[in-house]
Amino acid sequence: MGTQDTWQSALDHTRALSPASFEQWFSSVQFESLENKTLTLTARDEFVRDWVKTHFLPALVEQLEQQLGSGIAVEWQVDSDLPRPVCDPPVKAAPVPAPTSSRRISRVPPRSVKRELREVLNPKYRFDQFVVGPSNELAFAAAASSADANGPKYNPLFICGGTGLGKTHLVHAIAHHVLDERPNARVVYVSAERFTNEFIEALQHQRMDEFRTRYRRECDVLLLDDIQFLAGREQTQEEFFHTFNALHEADKAIVVTSDKYPQQLQKMPERLVSRFTSGLVADVQVPRLETRVAIVKKKASLEKIPLPDEVAVLLAQHVQSNVRELEGALIRLAAKSSLTGRTIDYDFAKAEIASVAPRRPELMSVADIQRAVCNHFQMTNAELLSKDRHKSVAFARQVAMYLCRQRLRCSFPELGRAFGNRDHTTVMSAVRRVEALRQKDPQVNAHLEAIEQSLIASD
Ligand code: ADP
Ligand code: MG
């Protein structure tokens, strides 16, 4: 058996143990070599490396040793750019790392501060109320690890993704967890908007010392929600930069959420962006149908709304891109049911949904756009998705990525996967490049318009 075959068979065996989780993690791992009983792998970041080490490596090494004899060594590299990851992502959820021992905390927070915090936190946003699926598995595991008593392993944790996909839920869950497990820990949860307002007020009333004590010295865990709000607010950014550094140096956990990837944040100074990317960036994406069904069922049981399975599926099919809206649809249905005295069944739900929002025609898919681009440039889909770097093929590929992003608002990682498992940064730069070319090169613009026309015609 050749090395490649040995590796492949060990891999297949490991995959079979837990396929969904395997795909989730091995889409961020690249095989380099297997030589002289040394396996070399590259992980996208330390978080992935450590997870794979603990959860998959023992089985994988055991398989390799069965074929090659004992004494397999594993060497790891870390690189955010993985052109050839082991596999496509994901199908299902993986377990969460459980918090362990307790960590030394310097000062006990006054009771009122803690009470104040609990009042700000949504009591329902807890880890056990969060449904984990392929779209949010990494963010969930990372959030759980940030709440860990051993302190932050990946600091800062930057959670990003579209609106209504659970970012705030996750940071509130961290706060609840830390407060429950380590009553002495000083947790500060604040939206970037509130941080800004407090900062301005402190400036106005000469209370900067107080402000800095709160955020820099009396804080063991800082949770800053919706950092995109700081865009263009230079003075607040400056203050936050120093807050960040003070906490980071003291090894205090920092978790930031954002509706964009760090590199996409507009009007944000480079030094802050680079701080954000220095730890772990974990995105939350639109959950798939099965996860949406699980979410709506969980919400129903939490709110004590009797919800038949078929209605849960109907709602999840109808509201696709935003969990907050999905929840809204459920609550509306429950309200209507209690007002009219009708039981929530399939027909009732169907009629309600139809009356609230007529279903949009099926959206165009990535495949439709890829097909249109292939037609236009006279190439096959295999070529479009291949690793071919010839200028003409690469250009067509970039155009297709750009159009998908423009028309479907897909996330970058999603597009990376749809385009032959490329890294999200590759997609980002492709989209940017085409955007820029379109502005200055009339020929590029003509290509794009022709493809757009063909898409409209087939819409
Ligand atoms: P974001 O901050 O990303 O805009 P939120 O955290 O406010 O989104 O989530 C919106 C709503 O959707 C909340 O009620 C939250 O509980 C719910 N939600 C989102 N994702 C999940 C999930 N995976 N499991 C359970 N509830 C979720
Ligand atoms: Mg939010």
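The values are calculated or read from the model by the stated rules, or taken from the named source; none is laboratory data. It should be emphasised that the depicted structure is a prediction, and the values quoted were computed from it without experimental measurement. Heads up, the Cβs are rebuilt from the backbone with ideal geometry, glycines too, and the neighbour counts pull from every protein chain shown. We work out accessible area using only protein heavy atoms, side chains counted, and drop any ligands, DNA or RNA first. Shrake-Rupley method; radii C 1.70, N 1.55, O 1.52, S 1.80 Å.
Below, the figures for the structure above:
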read-out: Single unsatisfied condition, residue 341 versus (1) touching a residue at least 40 places away in the same chain (Cβ under 8 Å); (2) farther than 22 Å from residue 164 by Cα; value: (1)
read-out: Unmet criterion (only one of (1) open to solvent by less than 50 Å² (accessible area, probe 1.4 Å); (2) within 15 Å of ligand 1 (Cβ to nearest atom)) for residue 252; value: (2)
read-out: Helices (runs of 4 or more DSSP H) enclosed by the stretch 153-256 - at least 1 residues per element that are within 23 Å of residue 268 (Cα to Cα), out of contact with any Phe, Trp or Tyr (no Cβ under 8 Å at 6 or more places or on another chain) and among the polar types (S, T, N, Q); value: 192-204, 234-249
read-out: Failed item in (1) surrounded by 14 or more Cβ atoms within 10 Å (Cβ to Cβ); (2) free of Cβ contacts under 8 Å to residues at least 60 places away in the same chain, with residue 354 passing the rest; value: (1)
read-out: Residues of the stretch 23-48 that turn out to be buried (at least 20 other Cβ atoms within 10 Å of the Cβ) and either assigned by TED's automatic domain parsing to the domain that holds residue 152 or part of a helix (DSSP H, G or I) (or both), as a count; value: 5
read-out: Failed item, numbered, when residue 389 is tested on (1) free of Cβ contacts under 8 Å to residues at least 12 places away in the same chain; (2) over 25 Å from residue 80 (Cβ atoms); value: (2)
read-out: Of all residues in the stretch 157-171 being open to solvent by 10 Å² or more (accessible area, probe 1.4 Å) and in contact with a Pro (Cβ under 9 Å, 6 or more places away or on another chain), the one that is nearest to ligand 1 (Cβ to nearest atom); value: 166
read-out: 2 or more residues surrounded by fewer than 17 Cβ atoms within 10 Å (Cβ to Cβ): qualifying helices (runs of 4 or more DSSP H) within the stretch 366-421; value: 366-377, 381-385, 391-408
read-out: Whichever residue in the stretch 189-216 is open to solvent by 10 Å² or more (accessible area, probe 1.4 Å) and within 30 Å of residue 131 (Cα to Cα) and, among such residues, is nearest to ligand 2 (Cβ to nearest atom); value: 191
read-out: Subset of the stretch 203-216 (residues that are more than 16 Å from residue 242 (Cα to Cα) and of a type outside the set (Lys, Arg)); value: 204, 205, 206
